[in-house]
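Below: one structure, written as structure tokens.
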Amino acid sequence: MEQPIFTTRAHVFQIDPSTKKNWVPGSKQAVTVSYFYDSTRNSYRIISVDGSKVIINSTITPNMNFTKTSQKFGQWADSRANTVFGLGFASEQQLAKFAEKFLEVKEAAKMAREKSQEKMETSSEQSQESGRETPSGKPASSFNGTDDEKISISPENEALKSEVEQRKCELELQALRESNARLQEVLEEERISAENWRSRVTQSQEEENQLRNQISELELQCKELNLEKERNVQLTRRIQELESDLQDKQQELENLCKQAETIPQLMAECENLTAKLQAAEVKSQDLGEKLKLLQGEVDGSQHKHKNMKTELKKFMDILDGKIDELHEVRQGISKLGVDN
């Protein structure tokens, strides 16, 4: 009776019999691939069923080798089926486990063959010993029967052989039915698992769509933040320019304040000059009166007039110089007052 000892999922391929190079897919999708052990025959097989179609039925022998041709693909040659099987796995770990199991099963098949050979050798030795014990008086042909007896017995042997072969076929068919039933159960479990995975994938796709929408919103927010950053940079530059202008204005204000501190001193000087001008005007009036007195005295005396005229001329020259100086001072004061 066969029992599954290891099960996995893979994409099944067979070598193209015409080219012996290209791979022909044996299934449209990943299917269940299982190792089976037949306790009655002490043999191991790799079986894979896609629906009701058996796509792999390979008996493992000690001469078989499983070869990894890539990170996720492996193959082995089956001389009895006259083909090469290939399996494509979803991950490197699955391929490694399958290859490891292949080595274990291969070693077990080798040990089973050695044991069967030992039994055959033991049975042949026993038969040889029993043949030696046959009496020498009888010929060997009489022990096995005459030629006529052999001819008459052969149809029964053929019938017996056909019955045995038929029995073997029935046992194999029964084993295949049982394995098919087990595979159907496994496939049903895999189908339920696939439906669960599909629901999870659908949920994951919905979550992915939500995440994409969130990412789009975040990208828009990032764009807005970038615009705000640019605006902040421009505002920072404008603030720096305004702060520089403000510093310049503050420096000008400080200079004006320093100049304003000299205004009271200038006003005091202006007042002093105004007082001096007023005093000079008073003196000028006094001099005018004196000039009138002197003119009368000049009219009174010609001699004195000439003398006084000379002195007066000198005095007038001096007075004119003083008046000019006063006028210049007055103009300077007026100009200073206008400027202030």
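The values are calculated or read from the model by the stated rules, or taken from the named source; none is laboratory data. Given the structure is predicted, the values throughout are model-derived calculations rather than measurements. No Cβ is skipped: glycine too gets one built from the backbone with ideal geometry, and neighbour counts run over all protein chains shown. Each accessible area value is taken on the protein alone, full model and side chains, heavy atoms only, with ligands, DNA and RNA left out. Shrake-Rupley method; radii C 1.70, N 1.55, O 1.52, S 1.80 Å.
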| query | Using the Cα atoms of segment 204-331 to build a convex hull, what is its mean projected area in square nanometres? | reply | 13.3 nm²
| When the Karplus curve 6.51 cos²θ - 1.76 cosθ + 1.60 is applied with θ = phi - 60°, which whole-Hz ³J(HN,Hα) does each residue of segment 282-288 get, with x for Gly and Pro? | 4, 5, 5, 5, 4, 5, x
| remark: Amide H proximity to ILE60 below 5 Å, modelled H, separation 5+ or other chain, gives TYR44, ARG45, ILE46
| task | Scale the Cα Rg of segment 1-84 by the rule-of-thumb value 2.2 N^0.38 Å and send over the ratio, two decimals. | result | 1.10
| query | If you rank MET308, MET267 by how much accessible surface each has, with a 1.4 Å probe, what is the order from largest down? | reply | MET267, MET308
| note | Given a 1.4 Å probe, the accessible area of segment 194-330 per residue, as a whole number of Å², is 89 Å²
| remark: Per residue, the convex hull enclosing the Cα atoms of segment 274-321 spans a volume in Å³ of 49 Å³
| How big is D for segment 244-285, in µm² s⁻¹ as a whole number, if Stokes-Einstein is applied with the Kirkwood radius of its Cα pairs at 4 °C and 1.567 mPa s? | 102 µm²/s
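Nearest 20 debye, what's the magnitude of the dipole of segment 24-88 about its Cα centre given +1 on Lys and Arg Cβ and -1 on Asp and Glu Cβ? Let's see the in-between values first.
Details: 7 positive and 3 negative charges, 17 e Å.
Computed about the Cα centre, the dipole is about 80 debye.
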| query | Amide H to amide H, which residues 5 or more places from SER27 or on other chains are under 5 Å from it, using H placed in the peptide plane? | reply | VAL12
| Quick one: Karplus J couplings for segment 244-253, per residue in order, coefficients 6.51, -1.76, 1.60, θ = phi - 60°, nearest Hz, x for Gly and Pro? | 5, 4, 5, 4, 4, 5, 5, 5, 4, 5
| note | Heavy-atom accessible area of segment 188-340 with neighbours in place, 1.4 angstrom probe: carbon+sulfur share in percent works out to 53 percent
| Could you give the semi-axes, largest first, of the ellipsoid that matches segment 187-269, computed as the square roots of 5 times the alpha carbon gyration tensor eigenvalues and rounded to whole Å? | 77, 8, 6
| Of LYS290/LYS335; LYS72/LYS110; LYS53/LYS115, those spanning more than 29 Å from alpha-carbon to alpha-carbon | LYS290/LYS335; LYS53/LYS115
